[in-house]
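The values are calculated or read from the model by the stated rules, or taken from the named source; none is laboratory data. Bear in mind the structure is a predicted one, so any value in this text is a computation, not a measurement. With ideal geometry, Cβ positions are generated from the backbone for all residues, glycine too; neighbour counts draw on all protein chains shown. For the accessible areas, the whole protein counts, side chains as well, though only heavy atoms, and no ligand, DNA or RNA atoms are used. Shrake-Rupley method; radii C 1.70, N 1.55, O 1.52, S 1.80 Å.
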Amino acid sequence: MKKKNIDILEHIKKYCEDIAESVERFGNDKAVFDVDKDYRNSVCMSLL
């Protein structure tokens, strides 16, 4: 696999880990996600 592709996959993995950390911090509750702007922003920015 090309180095560039490996780098991209490593970045994607890091963003997934960031989302997992947010879920761990705020909880795995959609109701909390819906009302907590910081939680939503944390996840959404990682998805972008």
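So here's what we get for this one:
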item: Which of Asn5, Leu48, Gly27, positive extreme of dipole for the chain (C-beta unit charges); result: Asn5
item: Kirkwood hydrodynamic radius of the chain, Cα pairs, Å; result: 11.6
item: Carbon and sulfur %, accessible surface of the range 1-43 computed with the full protein complex present, 1.4 Å; result: 56
item: Solvent-accessible heavy-atom area per residue, rounded to whole Å², over the chain at 1.4 Å; result: 87
item: At R0 = 22 Å, FRET efficiency that the Cβ-Cβ distance of Leu47 and Lys3 yields, to 0.05; result: 0.35
item: 17 Å Cα cut-off, lysine pairs counted over the chain (separation 8 or more, or different chains); result: 5
item: Residue-averaged 222 nm ellipticity for the chain, from DSSP H runs of 4+ at -39500 (n - 2.57), nearest 500; result: -27500 deg cm²/dmol
